[in-house]
Amino acid sequence: QVQLVESGGGLVQPGGSLRLSCGASGIIFRLHTGSWYRQAPGKQRELVASITSDGNTNYADSVRGRFTISRDNANNTVDLQMNDLKPEDMAVYYCNILRFGTPYWGQGTQVTVSS
């Protein structure tokens, strides 16, 4: 059974930083693409960043240069370092693993950016 557990969300002031972490179990993590998505109230879930099994990364234009996605295959984790956070980054952030075409999701972690 594949399980993804996110951690690291919280409240931060504009310009601050947070690091999200997602731990995966029940899956050979190193074989699959890991991603972070987010969903703000009243908006569709959107891709924030992804990292392939061989380390290639992709970012949404809105976060490029501020966010960094990384993976640790030995520990089955995919992290999202978020710097220079803006109020528009406030959302529930979801970890996603795409395993042979099937998406798996974590439960989500809230990121609030407010002064």
| query | Sorted by mean Cβ packing within 10 Å, highest first, what order do the peptides 46-57, 25-36 take? | reply | 25-36, 46-57
| field | Rounded to the nearest 10 Å², the accessible area of GLU88 at probe 1.4 Å | value | 120 Å²
| field | Computed Kirkwood radius, in angstrom, where 1/r is averaged over Cα pairs of region 13-67 | value | 13.1 Å
| query | What are the semi-axes of the equivalent ellipsoid for region 54-112, taken as the square roots of 5 times the Cα gyration tensor eigenvalues, largest first, in whole Å? | reply | 21, 15, 11
| query | For the chain, which whole percent of the accessible surface, found with a 1.4 angstrom probe, sits on carbon and sulfur atoms? | reply | 46 percent
| query | Excluding ligands, DNA and RNA, what is the solvent-accessible area per residue of region 1-77 at a probe of 1.4 Å, expressed in Å²? | reply | 55 Å²
| said: So for each of 62-68, 93-99, 39-45 I average, over its residues, the number of other beta carbons within 10 Å; can you give me the resulting order with the highest mean first? | reply: 93-99, 62-68, 39-45
| request: Starting from the Cα gyration tensor of the chain, multiply each eigenvalue by 5, take the square root, and state the resulting semi-axes largest first in whole Å. | output: 23, 14, 13
| request: Counting only DSSP beta bridges with both residues in the chain, tell me the antiparallel percent, nearest 5. | output: 90 percent
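The values are calculated or read from the model by the stated rules, or taken from the named source; none is laboratory data. For clarity, every value in this text was computed on a predicted model and none was experimentally measured. Because the Cβ atoms are built from the backbone with ideal geometry, glycine has one as well, and the counts that use them run over all protein chains shown. Accessible surface areas use protein heavy atoms only, side chains included; no ligands, DNA or RNA. Shrake-Rupley method; radii C 1.70, N 1.55, O 1.52, S 1.80 Å.
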